[in-house]
Every structure is written in C-alpha cells, then in structure tokens.
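Take a look at the structure below.
The values are calculated or read from the model by the stated rules, or taken from the named source; none is laboratory data. In this text the structure is predicted, and so the values were computed from the model without any measurement. Glycine also receives a Cβ, built like all others from the backbone with ideal geometry; neighbour counts cover every protein chain displayed. Please note that ligands, DNA and RNA were not included when accessible areas were found on the heavy atoms of the full protein model with its side chains. Shrake-Rupley method; radii C 1.70, N 1.55, O 1.52, S 1.80 Å.
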Amino acid sequence: MYDFQYHRPASLADAAKLLQSAGDDGKLMAGGQTLIPTLKQRLAQPSAVIDLGGIKDLAGIKVDGNAVMIGALTTHSTVASSKDVAGKIKALAQLAEGIGDRQVRHCGTIGGSIANNDPAADYPAAVLALNATITTNQRKIAADEFFKGLFETALKPGEIITSVSFPVPEKAAYVKFPNPASRYAIVGVFVARFGSGGTGGGVRVAVTGAGQGGVFRAHKIEEALSKNFSAKAIEGLHPPASSLNGDIHASAEYRSHLIGVMAKRAVAAAG
Amino acid sequence: MAPNDVGSTGIGASVRRREDRRFLTGRGTYTDDINRPNQTYAWILRSPHAHAAIKSIDTTAAKGAPGVVAVFTGAELGKFGMPCGWLVTGKNNTPMVEPKHPALAEGKVRHVGDPVAVVIAETKSQARDAAEKINVDYAPLPAIMDMKAALKGGGTPVHDAAASNLCFDWELGDKAAVGAAFTKAAHVTKLDLVNNRLVPNAMEPRAAIGDFDRATGEHTLYTTSQNPHVIRLLMGAFVLGIPEHKLRVVAPDVGGGFGSKIYHYAEEAIVTWAAKEIGRPVKWTAERSEAFISDAHGRDHITHVELAMDKDGKFLALRCETLANMGAYLSTFAPCIPTYLHGTLLAGNYATPAIHTNVKAVFTNTVPVDAYRGAGRPEATFQIERLIDKAARELKMDPAELRRRNFIKPSQFPYQTPVALVYDTGNYDATLDQVLKLSDAAGYEKRKAESKARGKLRGRGLASYIEACGIAPSNVVGSLGARAGLYEAATVRVNPTGNVTVFTGSHSHGQGHETTFAQVVSDMLGIPMDQVEISHGDTNRVPFGMGTYGSRSLAVGGTAIVKAIDKIVAKGKKIAAHMLEAAEADIEFKNGKFQVAGTDKSKAFGEIALAAYVPHKYPLDTVEPGLDETAFYDPKNFTFPAGAYVCEVEVDPETGVVEVQSFATADDFGKIVNPMIVEGQVHGGLVQGIGQALLETCVYDKDGQLQSGSYMDYTMPRADDVPSFKVAHSVTACTHNPLGVKGCGEAGAIGAPPTVINAIIDALSEFGVTHIDMPATPNRVWKAIQDAKAGRH
C-alpha cells in the first residue's frame, strides 16, 4: 500500500475534524474489510485514514421501543449473535451471519458496509426493506433517500454514520444466492412485512447484488405481496433483465430469474 | 517386499506424516522465510496489455526513486531466452515453432502479466513505488484470444515465426484404419467439448532469492521448485551460462505445486543474474494476484471426438481433434502435455482397436499453459468418459455395462494400445465392481425418489480412468522429443552409528515423502523409522535427480532408494561375511541382522555400519570402507494406475445449483506404502477435479484481460463444496518396479470431472440435456434446462 497518515481519534468530534482537515483524500475506516484490501492492492491512495475503531460509543445494540438500533461500529458477528436482534428481527441476525467469512464478520461493521454501499453487499437490502433510518453526526436519513447508486450514498463530505435504526417488522426474511467465489450476493432479496401501525404497514422488498444502480426495491413484488403475502402471489414476478447487471458468474437474465426465486423463498422463510 | 518386522511403521502402515509437525506449527522453512545478509527486493513490472508493441521504456525516474538499487529491462535481460524442454515434431516431420521467450520483454508484450522490467530496491515497497515511475510507451495490438480464429491468421500474430499462430500440428495413430472402421460402424457417437483453463493456485506463491558469493564465485538460487536439479540445468546451461559446479539451487519447503512449480520461470533467472550484477542478494516473492497472471495455467483444450461402435456396442474406433492452447510462450514442458501425455492416453481402459488423434497447438495472448495435476490425462479421460456416457445414453445401455463390454481384460496384459503405450497390468472390472458396491448402486432409485420429493433432480455418474505415471523410459521419451532424462537418483548414507540419511532427487511439496520414503527404508533395513532421515531439495546435497511431477516419486524415486539399499545390503553382507568368518553366499539379511544361514551367528545392522567406518576388523583388501551408496533408476515403462468413480449429485431445477451428494472411488494404485497418505492424495485430487467440474475456470475477455484474476471471481473449492468421500482400493502390483507401486497423486483430478458431469447429465436427462461444459455453474445448468425446455439444444 501507499503511505498515508493514520489517525485513531477517541471521539466523533475529533474524527469529524480530522476528516475535514484531510480534505478530499481523507478516508474513514470502520472494520476495514473493503478499505484494507483496496489499499493493499494500491487501488486507493488516501492521504489520511481515520480509524473509527477507537470511538467507544459507536458500537452496540439497543432495543428502543419498536426499533432495534445498531451502532455503526457494531461488527457483523455481534449482530449475528445478538439475542436482542434475534428476538426482534431474526432475519437481520441471519443476514449478518451470512456475510463473508468468519474473519470478515469479526472485523466488518454495519456502518462500514452501508457507507461503502457495495452493490453486492448484504446490509443495504436489510436497510432498504426494513425502512431503516440512518443517523449521522449531522442528521437522520431515511433508507429510501440513502442509497444513490454504485458505491454512492447520500452522505456528504465530513458526514459520519453513527447508528442505524431498524423498525421491527411483523415478518421478514433474507435469502441470498451467493457468488460462489466471493460469497457476496449475486442476488439477495430481503422481504419485510409490517403491521398496519407504526411504519404505515405494507410490504417492502429490497434486492441487492443484481441492480445496475445497486440495491433497489422490487415494487411489483411489494404490491403483489401487500395484497397476498404468499410465494404463490409472486409466481413469475421478477424485474426485467434489462435493468440488471450481468457478469462472468450470472447473466442479467439469470439474475432476473433468481430474484423471483429468492423472493419466493424469502416469503416462504418469513412464514 | 516387507521382509522385516518393524512394527507399525513399515510398508503398508498408515504412519502419521512426520513433516506435519513443522508445517502445522508454522516451523516450515519456505523460500520467503529465507533472508540473506544485505538482501534487496525485486518487483517485476508486468504488462497491463495482452498484446502490444513496446515503443519505448523510460526508467530514469524509477532509477532516481528512494531506495532503488537498480532497474533492468529487456535491454539487459532480453538476451536470455527461457528454454523449452520438449521438442514436438508434427505432421510431415515438421518441428514445432519455438519462438524466443525472453526473460524480460523485448520490443513486444504477449500477455497480461508478461514481465517488462525489474526494479531492485532496499524494500519491496520502494521497489514497487519505483516500478510505478517506469514509463512504458505501449502501442496496443488486437489480442489473439480465440484458438479457432487465431489459426485463421490475419492481424498481428502472437509471434512473427508463427503467422497463423500454429505451434505444431501433430497426429498419432492409424488414420486410415480409423476411417475404415467408421464406415462399418453400426452407431457413431459424437461430442464437442471444452476442457476449461485452470489457475493452479498452490497455497504458497512462487518466490526466488538470488545470491552470489564473490569469494567463491558460486551462485545460489533459493526457489519454489518441484525439481531443483532441472532448474539448475536449464538455467545454468541454457539461460545464464553458469557452470553447474558454480550453481546451487535450493528448493526448501514448498507449499504445493500441482505442476506449476516444475517450470523454469523468468524470475529465477532474473534474481540469479541480478544478484551478481548488483553484488547483493535479491529476493522476489509473488503476490497472489501476480500468481494468477504469471504461474503457468493448466488444461485449455477444445475437442471434437467421435466413437464408432458395432451393433453390440463394441468399440471399433475413436478419433479426436483437439486444439490445445499454449498461451503466449512455450512453458518448459508445454508441448508434451497435449501430445505425449494426452494423445497416448486415448485408449483409456478400453480395447478400442483403432485410434487416431490430431492435436493443433496454438499460440494466444494468454498466460502460458503447461502441466497441472493430471496434465493431459484429465483431458483425455474427460473426452473418453463423456463420450462413452453419451454413447450409452444413445444406445439405451447401462453405462457400466457398455464400459465392461469394452474393458481390456486381465488376460490381455501386457496390452499394446493403438496409441503407443503398453499397459503392464490392471483389472478394470474389479474396480468397477468395487465402486458400484461402495456407492450403493442398488439403493439409487430410492434416493432419486427421495430427492424428487424434495423438488431436486438426482443424477448418478460413472467414469473409469487410467493414467500413465512416472513418465519413462529416458531413451523412449528422448526419441519423442524430451530434452531431459526421466530417471531418478538416491543416495542412502548409513552413518557410523547405524542411522540413515537418504538423499533423494524427488522433491516433496505436500506429498509426504519424508514419511513414505522413511517407511520404505525402515522396512527394508529393519531399523526403526526414527533412525531414517529424508533429505531433498538442495543440489549441493542430493544426487542429480529429476524431481517430482506426474505421480512419479514413489515409483521412480522410491525405486532408486530401493536400488541403493540393495547395494547397501550387498556390501553389508561382504562385511558381515568377513566378520562372521562365513561365506558371503551364506549371509542372510533379515530383521535388521546379517546372519549366517542356519546358525545363530549374526551381526546387527548397526555393528556392520560401525565396522564400515571404523574398519579395524575389516576386509580392506577387497571392500572399501564406508556404507554409502547411490543408485540411479530409469524405469522400463510408465506405471498405469486405474480405477472407477461414481458420484451422485442433486440439481435444484429452479436455480441450477448442483450439490455433490456422494462420491465413491475405487483405485488401483498397485501396492500401497502409506494408505493414509494415499487417501489424502485421492481426497485432494477429487477436490481439484470437482473444482474443475463445478467451480473453477479462468476467464479472459476479448481484449485479453483476465476477468477471473482473484479469489473474488476465481472459485476455489471449499470444504462445504464437497461431500465426505468413500475411498477404496484394489491392487494389481506394477510388474516392473520392485515395490509394485504405481502412483496416486493425480487420479482424483483425472477421474472426477467426467464423473461429476456424467451425473449432472443424468440428472438433467429428463429435459433432454446431453452435454454441459465445465464448470457446470448454476447459471450454465439453469440455462441448459431453459434451452432444453425451449427446444434450443
């Protein structure tokens, strides 16, 4: 990797200051599971890396009424093994359990994953389908406003995610078809059904791994499931291949088909 | 064998691998663990283009960068050409086109990863930083990627010497007899297939350290090699012009090779040459992503194959047309893989009377291709076994019965095939019977119904295989174009107190020789195994040996040890006869004792050893002191391991995902020294074979960029991709080596691919799918089902 200034601030305020003073070339690091391999391959040349790992308040899980709040620096393994998460949103714990491998899950964090917005990452599907709210050091951002495209988010320069708050659904499930090599999602479908109160009810379905612009909501599947929450109700429903990406592992046509299959399986798993 | 009782460590015992204590506790010494005083670090600048002319290279800024000691390009190192070790002669006595393979590119780059310059600096980071300051002005050329298009010519060829990118056009067998047989055939089965290109992915990336001692004039190369003497000969005599007595090559612990560490690579020559040039040691260690674009790849054949049968399914003739990708340059043994290791295997286990094969080797703008676990034999086996399976389906015959009907029978050995080989022994019905039983053929229909109830399609696949291991003899391979001998050497040094150090020309990089060879020595000399040490991998210590590849180590290297031990025992008898005042002919060697037959007079092995080195009461006038013998062994023939495999798969018709549910093997490796190690070799080979069938493939785009250039996209098999294997053996002893052993390292990788694909085709047969290319990824399987349903196959 190229040389860079390494900072490990103890507070969010210090991190924000360091990020500001580093200018355009400063880079925040949470778990480092994307950044470090990128640096090692010399695909990035930041002037400064600001490691958020020293900020204690950023990690942790809290159940807050009808929501589960997860600190940005909470690792995937913590989410996967959390009784609170399992008790309220089992699908989220299961999603975390299926990310990468054991090493990745013990380092990688929810905040890092969402801020990076890899189009094949798992968490964005949960954030979008569960209609989560992303809290930063500056504001709150609704899931529907957060993901802006491949590796693009609504985060402004100097903005740092502090936590993600997930409303507790009535039913939810995430089913992933992993890339056999990287085990990122080729297609991952998160299905969530909410009761009539609180979030306004209805069904939200988010798809990761397949969209040309990253994670997206499958509105037609949502509509069908809102009327009849069953796998049968969405038979044959899947987004057109023309809106999806293809690569050496899976063509757009195949991804389109898989979205339908994974959505049905998620509905079945949600029960 | 096994004349001596050494308890549980002799021939046939599953002794735990002695070397694993150091490997598993991180105490191995690999090339990158070695550091020489005042060492520098090399970084190789590689081509980002598949095909481009180099208009200029400006190294000024790099030379001035911090820590840089030297920068070299083709201007200094282009004069050194990497040699090819096998000359294939094609049709009409036309020798292969053998273009120069410069150590660093000269005027042109021919694949992504082609070395262009080397930067040597105080640290690896500094070398890499400086390499980015080298300004290479490339004029990109269209990449030659597709073999069929390449042979049509047009555009700038990979090498000027091969205008249509043809390296050679080779044939074997009686074309006229095959043609005549096809005209008489009652049924002909045809198949087009691809044998997918693989990246070897040894756990340890390649590394090399060059060191030069100005006081003695001796060069030392530490390198990740399967055959250090071969590297010494090739690099010393044919590349750098260093006399062998001034060149030491050390291949210390090596973390896997699978063939990819047989070859002499440019980096070895670069560090050896540069170490003298700059007067300091130079270390180079590949990054993993560098390995993907610089280790020789494997396989990459496109084949059309046809089988002619009579009305009863008896094979009349086989013909095979293959295009074999050589990549951009000829790697050390590349030309012999699709020819003498592939064409000669096309008889398989069958008494097919007439066979003809034509192989065209093609240059493309890709990484060079050479032997990879199996080397030519997996390609041949895949063709035969897929073709037979298709034939059985067309003839509505049981695939086991069709094979059985055509097997070479035990009474036919030695069996001369129509493609040059003479099989010494085997019993193909025995392994077939064994595997059918082991895989519970009887219970299959019930399991299929159970799978169906869960919405899964179950398929069962069978394949037989034969392989030719321990390539030999030297005079024959020499007549076929080999530029090396294929013997092996061993020195057995009995130390004065009776323990033994064995110096073997074989090289262990995962095979467990330190255990297996010690078992042989212990057993033959009747001494405990912990009294035996196996030394390998250093040309200054071991006699000139050819190394380890092609499942040859025990059959060839082990036999050299046996021959040396025979000499030790013969000399021991002379010494014992003198000491016991008996006739030499009356001395028997048994259980570690030299005994006068029919008496209780004896001398222990250790007493004889001590007498040989402290020759006080010793026949000095007729016998030299010392007990240290060397033997070279050149085999009379290949060995021919064979077997039959069965696997069952479940296909998810909704997603195309294939799961291997069970895998059973019945192998005939001849006699077995360490069953546990053999089983481990079978497991490893199977995983690589299943990897080729389902997961692994090297994908280039049309511009020659490697799309599967890291583990993000190149799917290595993992533990959860394979079932627990059921492994069985039957034995027909090799007839021409004293241990009766054959070789087991490659079998799994040879037999598994057709077994898996046959099972998938069986599962998909209800849709009418008749073929699927490897790797059978979920996308491919799903598409095959969709196409079949739509009538598009």
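Are any residues in the range A:140-188 within 14 Å of another protein chain (Cβ to nearest Cβ), under 13 Å from the mean Cα position of the chain (by Cα) and among the hydroxyl-bearing types (Ser, Thr, Tyr), and if so, which ones?
Hit for the range A:140-188 is A:TYR184, nothing else.
Go through the range A:203-244 and give me each residue that's over 21 Å from B:ALA784 (Cβ atoms), open to solvent by 10 Å² or more (accessible area, probe 1.4 Å), within 14 Å of chain B (Cβ to nearest Cβ) and not in a loop (DSSP other than H, G, I, E, B).
Scanning the range A:203-244 gives a single hit, A:ALA231.
Go through the range A:245-263 residue by residue and tally those that are more than 7 Å from chain B (Cβ to nearest Cβ), touching a helix residue (DSSP H, G or I) at 6+ places or on another chain (Cβ under 8 Å), not in a helix (DSSP H, G or I) and not polar (S, T, N, Q).
Number satisfying all stated conditions: 1.
Quick check on my filter: what residues within the range B:318-337 are farther than 30 Å from B:GLN705 by Cβ and buried (at least 24 other Cβ atoms within 10 Å of the Cβ)?
First pass over the range B:318-337, keeping only residues farther than 30 Å from B:GLN705 by Cβ: B:318-320.
Of everything in the range B:318-337, those that are farther than 30 Å from B:GLN705 by Cβ and buried (at least 24 other Cβ atoms within 10 Å of the Cβ) turn out to be B:LEU318, B:CYS320.
B:ASP129 versus (1) over 25 Å from the mean Cα position of the chain (by Cα); (2) away from chain A (no Cβ under 14 Å): which is the lone unmet condition?
(2)
Looking at (1) in a helix (DSSP H, G or I); (2) within 14 Å of chain A (Cβ to nearest Cβ); (3) touching a residue at least 60 places away in the same chain (Cβ under 8 Å), which is the only condition B:ASP720 fails?
In the conditions (1) in a helix (DSSP H, G or I); (2) within 14 Å of chain A (Cβ to nearest Cβ); (3) touching a residue at least 60 places away in the same chain (Cβ under 8 Å), B:ASP720 misses (3) alone.
Those residues that are open to solvent by less than 10 Å² (accessible area, probe 1.4 Å) and in a strand (DSSP E or B), I need them from the range B:289-314; list them, please.
Those that are open to solvent by less than 10 Å² (accessible area, probe 1.4 Å) and in a strand (DSSP E or B): B:HIS297, B:GLY298, B:HIS301, B:THR303, B:VAL305, B:LEU307, B:ALA308, B:MET309.
I'd like to check which strands (runs of 3 or more DSSP E) are fully inside the range B:55-154 and have at least 2 residues that are in contact with a Phe, Trp or Tyr (Cβ under 7 Å, 6 or more places away or on another chain).
Qualifying strands (runs of 3 or more DSSP E): B:115-121.
Can you name the number of the only condition in (1) closer than 30 Å to B:GLY426 by Cβ; (2) within 9 Å of chain A (Cβ to nearest Cβ) that B:GLU679 fails?
Of (1) closer than 30 Å to B:GLY426 by Cβ; (2) within 9 Å of chain A (Cβ to nearest Cβ), only one is false for B:GLU679: (2).
Restricting attention to the range B:698-717, which residues are surrounded by 14 or more Cβ atoms within 10 Å (Cβ to Cβ), more than 7 Å from every other protein chain (Cβ to nearest Cβ) and part of a loop (DSSP other than H, G, I, E, B)?
Hits for the range B:698-717 are B:CYS698, B:ASP703, B:GLY704, B:GLN705, B:GLY709, B:SER710, B:MET716, B:PRO717.
In the range B:235-272, which residues are aromatic (Phe, Trp, Tyr) and surrounded by fewer than 24 Cβ atoms within 10 Å (Cβ to Cβ)?
B:PHE238
From A:ALA129, A:ALA120, A:ALA72, grab the single residue that is in contact (Cβ under 8 Å) with a residue 24 or more places away in the chain, of a type in the set (Gly, Ala, Ser), out of contact with any Phe, Trp or Tyr (no Cβ under 9 Å at 6 or more places or on another chain) and crowded, with 20+ Cβ neighbours inside 10 Å.
On the way: A:ALA129 fails: out of contact with any Phe, Trp or Tyr (no Cβ under 9 Å at 6 or more places or on another chain); A:ALA120 fails: out of contact with any Phe, Trp or Tyr (no Cβ under 9 Å at 6 or more places or on another chain).
On inspection, the qualifying residue turns out to be A:ALA72.
Tell me, which residue of the range A:1-17 that is more than 14 Å from every other protein chain (Cβ to nearest Cβ) and hydroxyl-bearing (Ser, Thr, Tyr) is surrounded by the most Cβ atoms within 10 Å (Cβ to Cβ)? Can you show your working first?
First, pick out the residues of the range A:1-17 that are more than 14 Å from every other protein chain (Cβ to nearest Cβ): A:5-17.
Pick out the ones that are also hydroxyl-bearing (Ser, Thr, Tyr) and you get A:6, A:11.
Values: A:TYR6: 10, A:SER11: 12.
Once the filter is applied, the top-ranked residue is A:SER11.
Test B:THR732 against the stated conditions and say whether it is at pLDDT 95 or above, within 14 Å of chain A (Cβ to nearest Cβ) and open to solvent by 10 Å² or more (accessible area, probe 1.4 Å).
Numbers: at pLDDT 95 or above: yes; within 14 Å of chain A (Cβ to nearest Cβ): no; open to solvent by 10 Å² or more (accessible area, probe 1.4 Å): yes.
For B:THR732, the condition - at pLDDT 95 or above, within 14 Å of chain A (Cβ to nearest Cβ) and open to solvent by 10 Å² or more (accessible area, probe 1.4 Å) - is not met.
Just to confirm my filter: which strands (runs of 3 or more DSSP E) fall fully inside the range B:459-538 and include at least 1 residues that are open to solvent by 10 Å² or more (accessible area, probe 1.4 Å) and acidic (Asp, Glu)?
Output list reads B:532-536.
Checking B:LYS742 against (1) of a type in the set (Lys, Arg); (2) touching a Leu at 6+ places or on another chain (Cβ under 7 Å); (3) crowded, with 24+ Cβ neighbours inside 10 Å, only one condition comes out false. Which one?
Only one criterion in (1) of a type in the set (Lys, Arg); (2) touching a Leu at 6+ places or on another chain (Cβ under 7 Å); (3) crowded, with 24+ Cβ neighbours inside 10 Å is unmet by B:LYS742, namely (2).
Would you check which residues across the range B:433-451 are open to solvent by 50 Å² or more (accessible area, probe 1.4 Å) and over 37 Å from the mean Cα position of the chain (by Cα) and list them?
Within the range B:433-451, B:GLU445, B:LYS446, B:ALA449, B:GLU450 qualify.
Considering only residues of the range A:18-40 that are farther than 29 Å from A:ALA120 by Cβ and loosely packed, with under 15 Cβ neighbours inside 10 Å, which is farthest from the other protein chains (Cβ to nearest Cβ)?
The qualifying residue farthest from the other protein chains (Cβ to nearest Cβ) is A:GLN20.
Over 18 Å from B:ARG458 (Cα atoms) and modelled with pLDDT under 95: is that true of B:HIS793 in this structure?
Values: over 18 Å from B:ARG458 (Cα atoms): yes; modelled with pLDDT under 95: yes.
So B:HIS793 passes the test.
Looking only at the range B:286-317, how many residues end up being away from every other protein chain (no Cβ under 14 Å), under 30 Å from B:SER710 (Cα atoms) and of a type outside the set (A, V, I, L, M, F, W, C)?
The qualifying residues number 8.
When both residues are 6+ apart or on different chains and their Cβ atoms are under 6 Å apart, which pairs have a first residue that lies in the range B:592-603 and is assigned by TED's automatic domain parsing to the domain that holds B:ASP523 and under 22 Å from B:PRO528 (Cα atoms), and a second that is in a loop (DSSP other than H, G, I, E, B) and among the β-branched types (Val, Ile, Thr)?
B:GLY592/B:ILE527
Can you name the condition, by its number, that B:VAL68 falls short on among (1) surrounded by 21 or more Cβ atoms within 10 Å (Cβ to Cβ); (2) in contact with a Lys or Arg (Cβ under 8 Å, 6 or more places away or on another chain); (3) of a type outside the set (Ser, Thr, Tyr)?
Checking B:VAL68 against (1) surrounded by 21 or more Cβ atoms within 10 Å (Cβ to Cβ); (2) in contact with a Lys or Arg (Cβ under 8 Å, 6 or more places away or on another chain); (3) of a type outside the set (Ser, Thr, Tyr), the one that fails is (2).
I'm told A:ALA266 meets every condition in (1) open to solvent by less than 30 Å² (accessible area, probe 1.4 Å); (2) of a type in the set (Gly, Ala, Ser); (3) within 12 Å of chain B (Cβ to nearest Cβ) except one. Can you identify the failing condition by its number?
Unmet condition: (3).
I'd like the full set of residues that are within 12 Å of another protein chain (Cβ to nearest Cβ) and of a type in the set (D, E, K, R), limited to the range B:747-793.
The answer is B:ARG780, B:LYS783, B:ASP787.
So which strands (runs of 3 or more DSSP E) stay within the range B:598-696 end to end and still have 1 or more residues that are open to solvent by 20 Å² or more (accessible area, probe 1.4 Å)?
B:602-604, B:628-633, B:658-668
What are the residue pairs meeting all of these: first residue in the range A:230-246, first residue free of Cβ contacts under 8 Å to residues at least 40 places away in the same chain, second residue part of a loop (DSSP other than H, G, I, E, B) and not aromatic (Phe, Trp, Tyr), Cβ atoms under 7 Å, and 6 or more apart or on different chains?
From residues that are free of Cβ contacts under 8 Å to residues at least 40 places away in the same chain, the pairs are A:PRO239/A:ALA218; A:SER243/A:GLN212; A:LEU244/A:ALA210; A:LEU244/A:GLN212.
Looking only at the range B:509-535, count how many residues are in contact with a strand residue (DSSP E or B) (Cβ under 9 Å, 6 or more places away or on another chain) and either at positive phi or free of Cβ contacts under 8 Å to residues at least 40 places away in the same chain (or both).
Total meeting the criteria: 6.
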